[in-house]
Amino acid sequence: MPGTNDKLVIAGREFDSRLMVGTGKYADFPQMVAAIEASGAQIITVAVRRVNISDRNKESLLDHIDLKKYTLLPNTAGCYTADDAIRTCRLAREAGLSDFVKLEVLGDEKTLFPDNEELLKAAAVLVKEGFTVLPYTSDDPIVCKRLEDIGCAAVMPLGAPIGSGLGIRNPYNIRIILDTVKVPVIVDAGVGTASDAAIAMELGCHGVLMNTGIAGAQDPIAMAEAMNLAVRAGRLAYRAGRIPMKLYASASSPLVGLIK
Amino acid sequence: MRHSELYVNITINGEAASIEPLSVQDYLLTIGIDPRRVAVELNREILPKADYPGTRLKDGDNLEIVHFVGGG
């Protein structure tokens, strides 16, 4: 937020925005550009895919992204093995001249839950090769600790399955993860509406990453703005120190001076 | 004088192709690809951009050419 010194720091790099957004699932490039702008995000994810050799007239994503304004976070979406993910990251680094990567190694097509065994293998190799690894993982504090120990720059536990919009399914695990690791904790996946993002930030998360929650909304640009506000509101509420939850009431007005 | 082959058989992004034995750099430009916007794997190894001009495609080569697209 402007005027405060509450920046998100990942691998020594500072960012004002704690909202990261994807670039997939938009109706067209202008909508994508407008939504990213409205979100205030500075880090945006991209996928790595084969160039369409036969259809050379297709516009390219990078024609629409101002690389001076945004930090690209290439993902390894669609990879089901450590080998594929590692290969994709090497290609991404070569294409993008940055070593930030969102590491995903999927275990299952229906849930898109991570295969944590392959994820840990890939993370170990990639960290050794100098990548700044942001791993998408389950809301399991033990895996998150392992990822931190391996040297990942952050951990990105899911709130709920990718694209499900179910929000933060297990806020208690997220809180335990926040207690367990020292690297930034960024909720990635499952955010459906603004309150989900605010909840993640109120728990103490350092950031939120989403794609479908914005791109799939009826009005993506409005939703992007809502998410922008929600992440900022949630972070501010967290830093403001909320009241405790009590079983019984505690009156807000004085008990003396009542008319009788 | 020895004649070089007119064409080489390679695989590009999983598809078979017969092309002139150009350098990777020239091949990309020929098919309208900006070399700065892609990454290339030649026979399963990343080919650094600096090597595009000096690497000539030969028979049996397997090229993967990727770029960034929208994704979450």
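Values as computed for the structure displayed
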item	result
Kirkwood-based shape ratio for segment A:28-74, expressed as Rg/Rh from alpha carbons	0.99
Exposed trypsin sites (Lys or Arg not before Pro) absent: longest stretch of chain B, with sites in DSSP loops and at most 16 other Cβ within 10 Å deemed exposed	B:3-43
Gain upon complete extension [A:Lys68, A:Gln218; 0.36 nm per residue less C-alpha separation]	51.0 nm
Burial ordering of A:Leu112, A:Leu166, fewest other beta-carbon atoms within 10 Å first	A:Leu166, A:Leu112
Per-residue average of Cβ from other chains inside 10 Å of A:90-98	5
Student exercise, the protein assembly as shown dipole from Lys, Arg, Asp, Glu Cβ charges, in Debye to nearest 20	1220 debye
P(r), alpha carbons of the protein assembly as shown - 20 Å bins starting at zero, rounded %	30, 50, 16, 4, 1, 0
Compactness of segment B:16-72 - radius of gyration and Dmax, Cα, Å	11.4, 38
GNM flexibility winner over chain A from A:Pro157, A:Pro184, A:Pro171 (Cα, springs under 10 Å)	A:Pro171
For residues of A:44-55, the mean tally of beta carbons on other chains within 10 Å	6
Rg(Cα) / (2.2 N^0.38 Å) computed for segment A:132-260, rounded to two decimals	1.28
GluC sites (Glu not before Pro) within segment A:1-109: DSSP coil, no more than 16 neighbouring Cβ in 10 Å	A:Glu59, A:Glu109
Within a Gaussian network of chain A (alpha carbon springs, distance under 10 Å), most fluctuating of A:Gly241, A:Gly40, A:Gly163	A:Gly241
Options B:Gln25, B:Leu63, B:Asn13, ranked by Cα towards positive dipole end of chain B, top entry (Cβ charges)	B:Gln25
Extension reserve of the B:Ser18-B:Thr30 stretch, reckoned as 0.36 nm per residue once the Cα distance is removed	3.0 nm
Value in Å of the Kirkwood radius, where segment A:54-138 supplies the Cα pairs that are averaged	13.6 Å
Partners for B:Lys58 among lysines (Cα-Cα distance below 30 Å; same-chain residues under 8 apart left out)	A:Lys58, B:Lys49
Derived scalar couplings ³J(HN,Hα) [segment A:102-111; Karplus, 6.51 cos²θ - 1.76 cosθ + 1.60; whole Hz; x for Gly, Pro]	9, 8, 10, 10, 8, x, 7, 6, 7, 9
Interchain or long-range residues, amide H under 5 Å from A:Thr23's placed H	A:Thr45, B:Gly71, B:Gly72
Coil-residue trypsin sites (Lys or Arg not before Pro) of segment A:21-61, DSSP, other Cβ within 10 Å capped at 13	A:Arg56, A:Lys58
Segment A:101-191, Rg to Rh (Cα coordinates; Rh as Kirkwood inverse mean 1/r)	0.94
Chain A - mean residue ellipticity at 222 nm from DSSP helices (-39,500 (n - 2.57) per run, n ≥ 4, rounded to 500)	-11000 deg cm²/dmol
Chymotrypsin sites (Phe, Trp or Tyr not before Pro) lying in DSSP loop within segment A:1-84, provided at most 10 other Cβ fall within 10 Å	none
Between helix A:220-240 and chain A: long-axis angle, C-alpha atoms, 0 to 90°, nearest 10	50 degrees
q = 0.13, 0.15, 0.17 Å⁻¹: log10 I(q)/I(0) that the Debye formula gives for segment A:1-107, counting C-alpha atoms only	-0.55, -0.73, -0.91
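None of the figures in this text is laboratory data; all of them are computed from the coordinates on show. It should be emphasised that the depicted structure is a prediction, and the values quoted were computed from it without experimental measurement. FYI the Cβ positions are ideal-geometry reconstructions off the backbone, even for glycines, and counts take in every protein chain you see.
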